[in-house]
Amino acid sequence: MEKTLKPRSEKKTENFIAIICLVAFYVLLFLLDNYLPRNSFTTMLIPVLQKSSIFALVCVSMNLLNGFTGLFSLGQAGFMLIGAYVYAMLSIPDEYREAVYQYSGGTNIHFSIPEMLQGVIGQSAGSFFGAIICIIIAGIIAGIFAALIGIPVLRLKSDYLAIATLGFAEIIRAVFQWDKLGKITNGSYQLRKYTAFTDMNINIGGNVIKFTSIFPVFIAMLCILFIILLINSSYGRAFKAIRDDEIAAEAMGINLFKHKQMSFIISSFFAGAGGALLAMYQTTIQAMAFKTAMTYEILLIVVIGGIGSISGSCIASFLFIACNEWWLRFLDSGSLFGIVPVPFFRDGFRKVVFSVVIMVIVLFFSKGIMGDKEISFKGIGGFLKDPFGAKRRKAKKAVAAAAAAEGGEGNE
Amino acid sequence: MIEFLHTNMAYLLNGISVGGQYALIAIGYTMVYGVLRLINFAHGDVFMVAGLVMIYATTAMPMYISIPLVLVATVVLGFLIERAAYRPLRSAPRMSVMISAIGVSYLLQNCALYFTGGLPQVYPSIPFLSESVTIWGATTKMVTIVTPILTLVLVIILVLLLKYTKIGMAMRAVSKDFEASQLMGIKIDMVISATFVIGCFLAAVGSLLYFTNYSSVIPTSGAMPGLKAFVAAVFGGIGSIPGAVIGAFIIGICENIIKGLGWTTFSDAFSFALLIVILMVKPTGIFGEKATDKV
C-alpha cells in the first residue's frame, strides 16, 4: 500500500472532479426525493439507496477493524444493536411511549430528544436535528461499550478474538432482551414510533423539502469520509503496521493496545451509528434481528468488496443490497421475466444463488472486487483506455524482456 | 442439597443429556481445530442438515434405513465441504479459511431455507428414544438416559482409535506439527478428510439425539448448539477430546440449571460469558497444551 506523491495540479483536478461528481450525485438524490415521479423504478431505488448506504457504513466500520487493523472481530451486530436501541429509546415521542411499552408495564424514560428540539426550533427541523443528535449519542454509547469490552478482549489473537467478540455480541443481545430491563429496552418486544427517514423533511416557508434518501446517504458518507481521513493519518499507518506485523510494529514503538483499542472504539462508534440508521430505515426494531447471521452477512459483503478497500466495501454493499432487494427478486417469483414458469424459482432461491456466488468469490477471487486498492478517477480513466489490462501486460512484458536482455543483472 | 437435587432433577437430567449432545458436536470442532487450526463455523449447520435429512428420509423410508442414511449423508456432506471449500485454501491465510467456513455456513442455511420453504419441519419420533421414563420423580424421555451412555461409549472408541490405529496416530502427528508430519510421509489430505468424516459422523449421532427433544427443525436451529459446542471445545482446551466432552457436560448442566432458576434469557449468554472468562484466565482451556509463539 505505498502512497506515491502526486503532482499538485493533478491532485487538484482529481479533487475538483470528485467534488463535481458528488454535487451531481446529491442533486440527483434531491430530485429523486422531491420531484421525480414515483414509478416502479424510483420506489425501489429509494429504499435500496437508503439500506445500501447504511450497510456501506457498517461494512466500512468492519473493514477498519478487519482490513486495516487486522483484528478479526465478529461483534458488529452487537454494536449495531446498541446503536439502534439507544437511538429508538431516545427518540420515541412521549405521547406514544405508553403504547410502545404497553407489554412491559410502562417506561422510565420520559423525554424525547427530537421532541425537546421541536419545542425550540420548530416541528420539522426539531426532528431532523434531533435525529442527528440521537445518532451521535447512539454511536457514543456503542463506543463506550466497545471500550469496556475491548479491555479484556483485545489481548486475544485472531480466531480467539473472533469468537470472544461474537460471544459479547450474543451477551449484549441477551441483556437487551431481558424482561427485567423491560422498562428501558421493552424486553423482547419491538420498539416503534420513533423518528424515521420519512420524518426527514424541513419546512421552509411552507415548502416542504424531503430528505428521505439524502439523509442516510449523507450521514453515511460523512462517517466514511472520517474513516478515510483516519486511515490516511499517522494513526491509520500505525493500524496498518499492526495488521502487517504486530511484533515489528511494537518494536517500532507503536503502542499496540492503545491503537487496537482506538480502532475498536471508532469502528464500534460507526457500527452504532449504522445501527441507528438501520433502526430509522426499518421503523421498528427488535433485538431478535441482530443475530450473528447479520455479522456474517456484513463480513461477507466486506469480503466481496475486498478486505482493506473502502470503495470496495461501498460498491459491494450497494451490489449486495440491490441484488438482494431488487434485481434478483425475480428468482423468488416463480417465473422468468414474469412469463416463463421455472419450477425451482421459488422463495429462497435468490439466497441460494447469492450464497453460491459468495462461495465462488471466497474460493476463487479472494481479493474481491477491489482487492486492497481504492477507486480513483485516474484509475477509472486508465481502465477506460485499457479495459482488460492488455496494454499494461504488454508494457510489463516489454520491461521484463528488456531486463532479460541485460542479462538479468538487476535481479540478484 | 438432596432436596435441591430432587426438585431440580428434571433440569439436571436434561442438562446431562444436552451436555452429551453438545459433546458429540464439540468433538468435531476440537478435532478440526487440532488438525487445521480452523474454527469450522459450518459444523453447526452440518448438524442442522443432518436433522433435515432425517425428516425427509423418514417420510419415504422406514426408520432402520433412514438412520444409517442420515449418518452416511452427513459424513458425505462433511467430506464434500472439506473438499470443496477448505482444501483449495490450504496455503491461504488462516482468516480466508475461516471466511470460507462462514460462507459455507451461510450457504447451508440458505439452502435449508430454500428446501424447507422457511417452515419449521416436524422431527419424527424415533421409537425407542422417544418413550418416556420416570427417574426419581422426574419424567423424561428415554433419550435423556441414552445420550450420556452413548456419548461416553463413542468417546472411548474414538480415544482408542486415536491412540492405537495408524490413522489416529497420523492425526495426532498432524495436530502436533503440520509441516513435520508431511515430511514424515503422512498423507495430509487423507488425514484431514478422516477428521471431517469422524467429526460429521458424531455430529449426525448428536443430531439424532438432540432433535428428539425438540419438535421441529428450522434452518437456524444448528447455529446456537454449534456455537455452544465450540465454547465447550475452547473451555476444555481446544484440540483435546476429553476436554471437549467435560466442557460440554459442564455447559449443558449449567445452562439447564440457569433455565431452572428462571433466567432463560441468559442461558445462551452464560456459555459466552464462560467463554470470555476462560479466555481471559486460561486461554488454553482446562486440558489444552500451551502453545508458544515463535517470532
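Listing for the model above:
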item: In region A:145-188, the residues that are among the hydroxyl-bearing types (Ser, Thr, Tyr) and either within 7 Å of another protein chain (Cβ to nearest Cβ) or more than 12 Å from B:Ile276 (Cβ to Cβ) (or both); result: A:Ser158, A:Tyr160, A:Thr185, A:Ser188
item: Selection count, region B:112-144, where residues are touching a helix residue (DSSP H, G or I) at 6+ places or on another chain (Cβ under 8 Å) and in a helix (DSSP H, G or I); result: 7
item: Filter result for the condition that a residue is at pLDDT 90 or above and either in contact with a Cys (Cβ under 8 Å, 6 or more places away or on another chain) or within 14 Å of A:Gly308 (Cα to Cα) (or both), over A:Leu74, A:Leu65, A:Leu81; result: A:Leu65
item: Failed condition for B:Leu183, given (1) more than 30 Å from A:Phe364 (Cβ to Cβ); (2) free of Cβ contacts under 8 Å to residues at least 12 places away in the same chain; result: (1)
item: Residue, farthest from the other protein chains (Cβ to nearest Cβ), within region A:284-334, restricted to residues that are surrounded by 24 or more Cβ atoms within 10 Å (Cβ to Cβ) and outside any helix (DSSP H, G or I); result: A:Ile285
item: Verdict on A:Lys210 being farther than 22 Å from A:Phe269 by Cα and either buried (at least 16 other Cβ atoms within 10 Å of the Cβ) or in contact with a helix residue (DSSP H, G or I) (Cβ under 6 Å, 6 or more places away or on another chain) (or both); result: yes
item: Residue tally, condition among the basic types (Lys, Arg) and surrounded by fewer than 24 Cβ atoms within 10 Å (Cβ to Cβ), over region B:181-229; result: 1
item: Search result, residues across region A:16-39 that are outside any helix (DSSP H, G or I) and surrounded by 11 or more Cβ atoms within 10 Å (Cβ to Cβ); result: A:Leu36
item: Complete set of residues in region B:159-169 that are closer than 19 Å to B:Ile186 by Cβ and either in contact (Cβ under 8 Å) with a residue 24 or more places away in the chain or part of a helix (DSSP H, G or I) (or both); result: B:Leu161, B:Leu162, B:Lys163, B:Tyr164, B:Lys166, B:Ile167, B:Gly168, B:Met169
item: Residue within region B:219-240 that is at the interface with chain A (Cβ under 10 Å from one of its Cβ atoms), touching a Lys or Arg at 6+ places or on another chain (Cβ under 9 Å) and closer than 26 Å to B:Ala50 by Cβ present; result: yes
item: Identity of the residue in region B:252-264, within 13 Å of another protein chain (Cβ to nearest Cβ) and surrounded by 20 or more Cβ atoms within 10 Å (Cβ to Cβ), that ends up farthest from B:Ile27 (Cα to Cα); result: B:Ile258
item: Sole exception among (1) within 14 Å of chain B (Cβ to nearest Cβ); (2) in contact with a Lys or Arg (Cβ under 9 Å, 6 or more places away or on another chain) for A:Asn232, by number; result: (1)
item: Residue list for region B:55-82, filter: among the hydroxyl-bearing types (Ser, Thr, Tyr) and either touching a His at 6+ places or on another chain (Cβ under 7 Å) or over 18 Å from B:Val217 (Cα atoms) (or both); result: B:Tyr64
item: Test: residue in region A:131-144 that is within 14 Å of chain B (Cβ to nearest Cβ), in a helix (DSSP H, G or I) and within 30 Å of B:Ile99 (Cβ to Cβ); result: no
item: Lone unmet requirement of (1) within 14 Å of another protein chain (Cβ to nearest Cβ); (2) touching an Asp or Glu at 6+ places or on another chain (Cβ under 9 Å); (3) surrounded by fewer than 24 Cβ atoms within 10 Å (Cβ to Cβ) for B:Leu274; result: (2)
item: Wholly within region A:150-239, helices (runs of 4 or more DSSP H) carrying at least 3 residues that are free of Cβ contacts under 8 Å to residues at least 24 places away in the same chain; result: A:158-176, A:214-232
item: Subset tally (residues that are under 14 Å from A:Ser366 (Cα atoms), more than 9 Å from chain A (Cβ to nearest Cβ) and crowded, with 18+ Cβ neighbours inside 10 Å) for region B:65-104; result: 3
item: In region B:105-118, the residues that are touching a residue at least 12 places away in the same chain (Cβ under 8 Å) and either among the hydroxyl-bearing types (Ser, Thr, Tyr) or more than 7 Å from every other protein chain (Cβ to nearest Cβ) (or both); result: B:Ser105, B:Leu108, B:Gln109, B:Ala112, B:Phe115, B:Thr116
item: Looking only at region B:20-34, and only at residues there that are within 25 Å of B:Gln182 (Cβ to Cβ) and crowded, with 24+ Cβ neighbours inside 10 Å, the one that is farthest from the other protein chains (Cβ to nearest Cβ); result: B:Ile27
item: Condition check for B:Val35: under 17 Å from the mean Cα position of the chain (by Cα) and closer than 17 Å to B:Ile126 by Cβ; result: no
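Yes/no per residue for (1) modelled with pLDDT of 80 or more; (2) part of a loop (DSSP other than H, G, I, E, B):
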{"site": "A:Pro343", "(1), (2)": "no, yes"}
{"site": "A:Arg350", "(1), (2)": "yes, no"}
{"site": "A:Ile358", "(1), (2)": "yes, no"}
{"site": "A:Ile369", "(1), (2)": "yes, yes"}
{"site": "A:Gly382", "(1), (2)": "no, no"}
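Conditions tested, residue by residue: (1) farther than 19 Å from A:Glu374 by Cα; (2) of a type outside the set (Phe, Trp, Tyr).
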site	(1), (2)
A:Leu36	yes, yes
A:Pro47	yes, yes
A:Ser53	no, yes
A:Ala56	no, yes
A:Ala77	yes, yes
A:Tyr85	yes, no
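Condition check ((1) crowded, with 23+ Cβ neighbours inside 10 Å; (2) under 22 Å from B:Ser175 (Cβ atoms); (3) more than 13 Å from the chain's Cα centre (by Cα)) across all residues:
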{"site": "B:Val231", "(1), (2), (3)": "yes, yes, no"}
{"site": "B:Val234", "(1), (2), (3)": "yes, yes, no"}
{"site": "B:Ile250", "(1), (2), (3)": "no, no, yes"}
{"site": "B:Met280", "(1), (2), (3)": "no, no, yes"}
{"site": "B:Gly288", "(1), (2), (3)": "no, yes, yes"}
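The values are calculated or read from the model by the stated rules, or taken from the named source; none is laboratory data. For clarity, every value in this text was computed on a predicted model and none was experimentally measured. Positions of Cβ are generated from backbone atoms using ideal geometry, with glycine treated the same way; all protein chains shown enter the neighbour counts.
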